[in-house]
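Colleague: Supplied in structure tokens, the structure appears directly below.
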Amino acid sequence: MAILSLLSSSRARFSCLREPLRQAGLRALLPQGAPPPVHLHARAAEHASTRSPTEFSSPDGDRPPPLDWTCVGSRTISSGVGMSLTQYGSTNHALTLHKRFYQTLRPQHPSCGPRASMATNKARRSVNGPYEFQCCTFGSVAKPIQRNPAYSVLNSDDVSYFKSILGDNGVIQDKDRVAVANVDWMGKYKGASQLLLLPKSTNEVSKVLAYCDSRRLAVVPQGGNTGLVGGSVPVHDEVIVNLGGMDKLISFDNVNGILTCEAGCVLENLSTFVENEGFIMPLDLGAKGSCQIGGNISTNAGGLRFIRYGSLHGNVLGLEVVLANGTVLDMLTTLRKDNTGYDLKHLFVGSEGSLGVVTKVSILTPAKLPSTNVAFLSCNDYMSCQKLLLAARRGLGEIISAFEFMDRQCIDLAMAHLEGVHNPLPLSPYKFYVLIETTGSDESYDKAKLEAFLLRSMEDGLVADGVIAQDISQASNFWRIREGISEASVKVGAVYKYDLSIPVEKLYDIVEEMRSRLGDMAEVLGYGHLGDGNLHLNILSSKYSDNILAQIEPFVYEWTAGHRGSISAEHGLGQMKAEKIHYSKSPEAVQLMASIKKLVDPNSILNPYKVLPQSAL
């Protein structure tokens, strides 16, 4: 009940604050009997007449439940192999009672829902032979990638050997099942693999890779297959090694919040587990219902909590990695401090499976805080968004946990193509919208701090309008709008997606320049993690067009490089941008990366044709 009451408030408290016209408009958006979001203009009126900013002191509020010292300390979840998260989720029904309030309406499978089903059906309809799939380059003007003739071709002896290791159930040759693994969730990148392997232990992964290295069979490590740059699907006939069967919890230290688990654990299942223990995962993604922690680490996934908890480089404490020759590299420490030699785990965080296959991970999880507030705001211009970000860093400080921005085109898209969402500010269209989330330990203090900050922001002209969620449904609606933009974009037809890291003051300039270049040829959207300087540039049209692509590339990369940005903020390079790495990295840096690749994978069997340009290898 404490979770459910975080943002709720008695209707009597706010009944005198609502503007009559807005009250009528909002009533249609809310469930019967639910309190409407608190409108900032109404709060400003109350603030002016009843109290001053100095009254926002820390009052006594709900406190976190006392720590149960009878179960404190590091423990093994289960002896030997650990407990499967699938098993855990099906047996421990109490887990579902402690989810963070807005997760209930977040898209559970943005990478595997109706869209993935469409891609799957297309894949199944296309299976007429082992090489039916060909590389598709919607997001790149590069020439089709030629297969490296140095790689061996799979034969029946190879299949027999894999069955001797994994058993018949771990070796998949069924065309329909392999076809699903050959295509990404957008149906954009398609490979021609004939074999899908499902190992269930590090030892099995080691034997598979050692054999593939000896035969020079190319391998694609695969997790939840939720990526956007073609990094987790074959380019040609590489053997797919999916780690979804390695989904066991190994241990959890509930004093320090250190989780150790296998790489195939689904992020949402891990979140559910640690939240039941009083902690949260340091990353949160729209694809958390499908993505796996090994894939998250291999791509250095960013997500919605980056502004608060930073990157996985700072949260991953240890890894177990299998190298291309089958060597198991044990770096699975749970220590916060260890300055003995090179910190090798950082080589594998963000390497996209090109240096080794992550099989186990230990990760630091922050304490779960009981107070969460969400505000949905509008701004008249991008400069106001920038100033609001700076003001939030100063005014909200330790409690800010998310700062997301969207332009008006994103809101229009979400309203048109997402089911069950409502515009929190329906009466007037604004150019920009901002979602702010705070998390802290004192409900009354945190809410008062957020309200005081928003009132100052309105007085300073940074915020044109806004509402604060008052219950789970409203907060979920706010988040659904932001997280559903990617889902809505693929419903239009063709979408060109670019994930850019750009200095905040210049971040929206490329959106406006792209609109000028494309005119009526396509619609251009800009949204993303403003607190991280991360822009998601989406370009929508009814179908893919060489003319549109020629206007986008290489301009988008040249512009980003000219402003000393990165062409990949959090999605990785994959096959989409492997040949574009020079826009963000110097020739010397790329050559050093290639040298490392040759050292740990001399036969280049791991995830070939990705991350690095072929000319460097």
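Colleague: Nothing charged except the Cβ atoms of Lys and Arg (+1) and of Asp and Glu (-1): what's the magnitude of the dipole of the range 415-476 about its Cα centre? Round to the nearest 20 debye.
Modeller: 200
Colleague: When the Kirkwood hydrodynamic radius is evaluated over all pairs of different C-alpha atoms of the range 309-446, what value in angstrom, to one decimal, is obtained?
Modeller: 18.8
Colleague: Same structure, new question: Can you pull out the GluC sites (Glu not before Pro) in the range 458-546 that DSSP calls coil and that have at most 10 other Cβ atoms within 10 Å?
Modeller: none
Colleague: Something else now. Note down the relative contact order for the range 188-245 as a percent, whole number, built from C-alpha pairs under 8 angstrom at least six residues apart.
Modeller: Reported as a whole number, the value is 54 percent.
Colleague: Heavy-atom accessible area per residue, the range 548-617, 1.4 Å probe: how many Å²?
Modeller: 41
Colleague: Let me ask something additional. Could you compute the net charge surrounding Gly264? Neighbours are other residues with a C-beta less than 11 Å from the C-beta of Gly264; K and R count +1, D and E count -1.
Modeller: Here the count lands on +1.
Colleague: A further question follows. Hey, got a sec? Which trypsin sites (Lys or Arg not before Pro) in the range 493-582 land in a DSSP loop and have at most 15 other Cβ atoms within 10 Å?
Modeller: Lys543, Arg564
Colleague: Any idea what the dipole of the range 163-303 comes to, in debye rounded to 20, about its Cα centre with Lys/Arg Cβ at +1 and Asp/Glu Cβ at -1?
Modeller: For the range 163-303, the charge dipole is close to 500 debye.
Colleague: Run the Debye formula on the Cα coordinates of the range 463-520, all scatterers equal and no solvent, and tell me log10 I(q)/I(0) at q = 0.24, 0.25 1/Å.
Modeller: Once normalised to I(0) and log-transformed, intensities are -1.08, -1.08.
Colleague: Would you kindly state how much longer the chain becomes between Arg564 and Lys598 on full extension, computed as 0.36 nm times their sequence separation minus their alpha carbon distance, in nm to one decimal?
Modeller: 9.4 nm
Colleague: Hey, can you find the accessible area per residue of the range 353-494 for me, probe 1.4 Å, expressed in square angstrom?
Modeller: Dividing the accessible area of the range 353-494 by its residue count gives 29 Å².
Colleague: Same structure again: Given N residues in the range 385-458, what is its alpha carbon radius of gyration divided by 2.2 N^0.38 Å?
Modeller: The value comes to 1.24.
Colleague: Starting from one equal scatterer on each C-alpha and no solvent at all, send me the Debye-based log10 I(q)/I(0) for the range 141-234 at q = 0.11, 0.15, 0.18, 0.19 Å⁻¹, two decimals.
Modeller: The Debye formula, applied to the Cα set alone, gives -0.34, -0.63, -0.91, -1.00.
Colleague: Which value, in debye to the nearest 20, gives the size of the charge dipole of the range 434-569 about its Cα centre, when Lys and Arg are +1 and Asp and Glu are -1 at the Cβ?
Modeller: It works out to roughly 340 debye.
Colleague: With all protein chains present, how much of the accessible area of the range 555-602 (probe radius 1.4 Å) comes from carbon and sulfur, to the nearest whole percent?
Modeller: That fraction is 59 percent.
Colleague: So, one more: Take the alpha carbon atoms of the range 232-246, find their center, do the same for the range 541-559, and report the distance between the two centers in whole angstrom.
Modeller: What the calculation gives is 30 Å, centre to centre.
Colleague: Run through the range 259-332 and list the chymotrypsin sites (Phe, Trp or Tyr not before Pro) located in a DSSP loop whose Cβ has at most 13 other Cβ atoms within 10 Å.
Modeller: Hits after loop and neighbour filter: nothing returned.
Colleague: Of the listed pairs Lys188/Lys345; Lys345/Lys580; Lys163/Lys248; Lys163/Lys288; Lys345/Lys506, which have alpha-carbon separations greater than 28 Å here?
Modeller: Result: Lys188/Lys345; Lys163/Lys288; Lys345/Lys506 exceed 28 Å.
Colleague: If the cut-off is 16 Å between C-alpha atoms, which lysines fall inside it for Lys598, apart from same-chain ones fewer than 8 positions away?
Modeller: Straight-distance partners of Lys598: Lys610.
The values are calculated or read from the model by the stated rules, or taken from the named source; none is laboratory data. As the structure is a computational prediction, the values presented were derived from the model and not from experiment. Cβ atoms come from the backbone with ideal geometry, glycine included; neighbour counts cover every protein chain shown. With ligands, DNA and RNA removed, areas are computed over all heavy atoms of the protein, side chains included. Shrake-Rupley method; radii C 1.70, N 1.55, O 1.52, S 1.80 Å.
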